[in-house]
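One structure below.
Read-outs throughout are calculated quantities, based only on the coordinates presented, and are distinct from any laboratory measurement. The shown structure was predicted, so the numbers you read here are calculated from the model rather than taken from an experiment. FYI the Cβ positions are ideal-geometry reconstructions off the backbone, even for glycines, and counts take in every protein chain you see.
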């Protein structure tokens, strides 16, 4: 009897895989087949100067992309929720973009580095849980949400407005902290006390209240379990990223307010800095690049480094300092696309300046 549910699960997984593979090139467009990054860029630094406690594996600049897509996607949801109800958000398309991009970034590192088991497992766990969440939301919105949704999808109920605020607060939080640290439970009283039971669009109010309450309860419980598992399986991540730069910029040597103090300086004029990690990393990198600093190591690495930018759909970047890896349309903002570029650490400053001169927004620098 056990064979039937096992077979059913396997069939669902196979069907889901086939479904997500269909139309692969329409939502995540690789720059070419397989690995498009020069192989000599895909190496580990044999003699890092960076202190060992700040060194991270070189392949993680690629593997952090699927993890950060689960920040970019909620950010897109939050932007959308301010102007439209999330009933019409393209959840299934985001599922495709998640797994397609994972496939593309893995193609870049496959065979060049040992298989990073722990990181892949983490991606599978958060990827599968997000897939289930988005699939359930898409199903519910298709069956129920569209029946109660205002004609033009406008945000009219207190519950939809609450959803917009909650979505924004959530994405602001996960830009700097793990998602499971977010206090979902504290939002439940705010939902129940801050929205009326009766009012115009009564069916919509009931529908949204039910959906939001369910989401908050499920995520509060699931987040607690993930937090326990993470604490037991992984060391706590450092809040900083160590970089070796070729020289101290004027802002640091003159003690300008807001500048980062060097942790260590070397005889050749280079220095070790501890920059803020996660969302704050790329503004810090951009500030240093604009001051003419060249990076020698980032988290102990001196080879390939991934970054993404948000650019007009017509933008076609070209430079010997980087390679295009893939593009993704921003589905809720026609005419805008995400562009994934790979440079080398030593060329990061030139790549950042090139992007800034093009008037294109850096979305994230993936600091391993």
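A Gaussian network model of the chain, with springs between Cα atoms under 10 Å, assigns the largest mean-square fluctuation among 301, 116, 163 to 116.
The separation of region 114-168 from region 26-70, counted between C-alpha centres, amounts to 28 Å.
Give me the one-decimal nm value for the distance between modelled label points at residue 124 and residue 139, 7 Å along each residue's Cα-to-Cβ direction. Once both label points are built, they end up 2.3 nm from each other.
When the Cα atoms of region 271-368 are aligned to their principal axes, the ranges along those axes come out at 43, 27, 22 Å in descending order.
For region 240-365, the relative contact order works out to 27 percent when only alpha carbon pairs closer than 8 Å and six or more residues apart are counted.
Using a Gaussian network model of the chain in which every pair of alpha carbons under 10 angstrom is joined by a spring, one finds that among 40, 107, 59 the greatest mean-square fluctuation is at 40. Using a Gaussian network model of the chain in which every pair of alpha carbons under 10 angstrom is joined by a spring, one finds that among 308, 343, 195 the greatest mean-square fluctuation is at 195. Measuring nothing but how far apart in sequence close Cα pairs (under 8 Å, 6+ apart) lie, relative to its length, region 59-233 scores a relative contact order of 28 percent.
Per residue, the chain reaches -15000 deg cm²/dmol at 222 nm when only DSSP H runs of four or more residues are counted, each adding -39500 (n - 2.57). For helix 348-357, report the angle its Cα long axis makes with the longest principal axis of the Cα atoms of the chain; keep it between 0 and 90° and round to the nearest 10°. Computed tilt is about 60 degrees. Each Cα pair under 8 Å and six or more residues apart adds its separation to the average, and for the chain the resulting relative contact order is 23 percent.
Once the Cβ-Cβ distance of residue 175 and residue 265 is raised to the sixth power relative to R0 = 35 Å, the FRET efficiency obtained is 0.65. Distance from a point 7 Å along Cα→Cβ of residue 67 to each backbone N in region 175-194: keep the residues under 17 Å and list them by number. Within reach of a label on residue 67: 175-182.
Given 0.36 nm per residue, what is the gain on full extension from residue 319 to residue 83 after removing their alpha carbon distance, in nm? The partial results should precede the final answer.
Numbers: separation 236, 0.36 × 236 = 84.96 nm, distance 3.70 nm.
Gain in length upon complete extension: 81.3 nm.
Against the chain, whose longest principal axis is taken from its Cα atoms, helix 158-174 shows a tilt of about 20°. Between 0 and 90 degrees, the angle of helix 202-233 with respect to the longest Cα principal axis of the chain falls at about 40 degrees.
Multiplying each eigenvalue of the alpha-carbon gyration tensor of the chain by 5 and taking the square root yields semi-axes of 38, 24, 21 Å, largest first, rounded to whole angstroms.
Multiplying each eigenvalue of the alpha-carbon gyration tensor of region 194-284 by 5 and taking the square root yields semi-axes of 49, 21, 8 Å, largest first, rounded to whole angstroms.
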